[in-house]
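Notes to accompany the following structure.
Every read-out reported here was derived from the displayed coordinates using simple, explicitly stated rules and does not represent laboratory data. Source: prediction; values computed, not measured. Ideal geometry is used to build each Cβ from the backbone, glycine not excepted, and the neighbour counts take in all protein chains shown.
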Amino acid sequence: MLPVNSNPVRSSFPMLDDWFNYVFTYFPTTNWQHSFSPTINFGSNVQDAPIEQHVVDQVGSYGFQLNRIIDALQVVLEDGKFKGQNQREKQVLDKFLTLARDADQSAREFKGEVTTQGVRHLIQKLRILRHSDPALYGSLVAEIQAAFPHRR
């Protein structure tokens, strides 16, 4: 039996508070070793925190590690050797590949790279601007058209 959390959570649902504080007992530890990026661990494996921190320090963040796994799985799945899946398995694999592409695109957007989704987002914003500020919309569209003249 785990001890009850010494700093109980109180919510606007009092009937769930005791259950939440019992079931989700946690022992937070904060590693200020990296003062700009503290590591906060929750869960029943707090004793592994030093090991996990060492792996993060030596190998890379959890996101970095997950990205390598996703990249490897993506290569295997896109190789096309997986045949004969049922409809549910195909949907699961498609969702995974979509996740991998979306994660890559999100990282590229964050780095300031131009992406398909970023351009689509810009188009959506311009459509909104057409109604909210027609003058600015016209000016921006003219600037875009001047930058990319139509050639026949």
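For region 103-152, enumerate the residues that are touching a helix residue (DSSP H, G or I) at 6+ places or on another chain (Cβ under 7 Å) and under 30 Å from ARG68 (Cα atoms).
ALA103, GLN105, GLU109, THR115, GLN117, GLY118
Mind listing whichever residues of region 80-97 are under 25 Å from the mean Cα position of the chain (by Cα), of a type outside the set (A, V, I, L, M) and farther than 17 Å from GLY63 by Cα?
First, pick out the residues of region 80-97 that are under 25 Å from the mean Cα position of the chain (by Cα): 88-97.
Still in the running and of a type outside the set (A, V, I, L, M): 88-91, 94-96.
Hits for region 80-97 are ARG88, GLU89, LYS90, GLN91, ASP94, LYS95.
Quick check on my filter: what residues within region 49-64 are outside any helix (DSSP H, G or I) and either within 15 Å of ALA107 (Cα to Cα) or more than 20 Å from the chain's Cα centre (by Cα) (or both)?
Our first condition is that a residue be outside any helix (DSSP H, G or I); within region 49-64, this holds for 59-61.
SER61 - this is the single residue of region 49-64 that is outside any helix (DSSP H, G or I) and either within 15 Å of ALA107 (Cα to Cα) or more than 20 Å from the chain's Cα centre (by Cα) (or both).
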